[in-house]
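Engineer: Before we start, here is the structure in question, set down as structure tokens.
Just so you know, all these numbers are worked out from the coordinates, no wet-lab data involved. This structure is a prediction, so every number in the text was calculated from the model and none was measured. Using ideal geometry, Cβ is built from the backbone for each residue, glycine included, and neighbour counts are taken over all protein chains shown.
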């Protein structure tokens with residue numbers, strides 16, 4: 001007798017759940033728990049950090065944001081991105097690392113940020129999120145999609161398992177950033 005198939009959850013467009021305060025609170029909880037930055041000088045600094053890495057996507061690119069809902073109906077993760085080349089989009093001028101990859105972004109103009117609650121990792125939910133944004137970006141005509149991470153980061157294996165390969169790297173200060181691309185053609 002075979003075991004029943006279990007689903008890790010489902011992915012919905014952010015627009016479908018954007019008015020749900022519990023979903024917005026869950027996304028903020030996932031965002032802050034997944035971040036390496038845990039302390040802030042004050043509430044304004046915390047809000048500015050959220051705006052830089054999550055809020056701008058929800059506000060300016062909501063069609064490129066998807067939410068993972070687990071089997072219990074709880075929001076447990078998200079993927080946000082944009083289809084515009086961030087090295088050439090003035091809305092990303094405050095993120096100078098994109099300038100280091102300006103020769104790579106035309107081939108992989110769509111970008112992403114993906115985060116999951118710790119308990120949701122390793123269950124295939126991240127893959128569902130990546131595929132939702134990749135399908136959206138491909139349908140919109142994007143040639144490729146990219147993510148930027150740090151050399152040695154634990155998420156590099158996740159990206160490799162989801163079709164991303166290292167296209168370049170850059171040393172910025174004491175960090176080495178890795179540009180990971182996935183063709184959508």
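Engineer: Using just the helices of the chain, give the 222 nm mean residue ellipticity in deg cm²/dmol: DSSP H runs with n ≥ 4 each add -39,500 (n - 2.57), and the total is spread over all residues, rounded to 500.
Structural biologist: When only DSSP H runs of four or more count, the value is -8000 deg cm²/dmol.
Engineer: Classify region 98-153: rounded, prolate or oblate, from the alpha-carbon gyration tensor (a ≥ b ≥ c, eigenvalue square roots; a/c under 1.5 rounded; otherwise prolate if a/b is larger than b/c)?
Structural biologist: Oblate is the answer for region 98-153, as a/c is 1.5 or above yet b/c matches or exceeds a/b.
Engineer: Please work out whether region 1-94 counts as rounded, prolate or oblate from its C-alpha gyration tensor, where a ≥ b ≥ c are the square roots of the eigenvalues and a/c under 1.5 means rounded, while otherwise a/b larger than b/c means prolate and anything else oblate?
Structural biologist: Prolate shape, in that a/c is at least 1.5 and a/b is the bigger ratio.
Engineer: Once you place label points 7 Å from the Cα toward the Cβ at residue 99 and residue 140, how far apart are they in nm?
Structural biologist: 2.5 nm
Engineer: What length, rounded to one decimal in nm, is gained on full extension from residue 160 through to residue 46, with 0.36 nm per residue of separation minus their alpha-carbon distance?
Structural biologist: Going from the current span to full extension adds 37.9 nm.
Engineer: Please arrange 40, 101 by counting, for each residue, the other beta carbons lying within 10 Å of its beta carbon, fewest first.
Structural biologist: Arranged by neighbour count, lowest to highest, 40, 101 become 40, 101.
Engineer: Oh, and also: Of the listed peptides 146-152, 170-176, 63-69, 119-125, what is their order by residue-averaged count of other C-beta atoms within 10 Å, with the highest listed first?
Structural biologist: Listed from highest to lowest mean packing, they are 63-69, 146-152, 119-125, 170-176.
Engineer: Hey, how many Å between the Cα centroid of region 8-43 and the Cα centroid of region 99-120?
Structural biologist: Cα centres, region 8-43 to region 99-120: 18 Å.
Engineer: Please state, to two decimals, what the Cα-based radius of gyration of the chain comes to when divided by 2.2 N^0.38 Å (N = residues).
Structural biologist: Relative to the rule-of-thumb radius for its length, the chain sits at 1.02.
Engineer: In nm, to one decimal, how far is the residue 171 label point from the residue 35 one, both placed 7 Å along Cα→Cβ?
Structural biologist: If labels sit at residue 171 and residue 35, their model points lie 2.9 nm apart.
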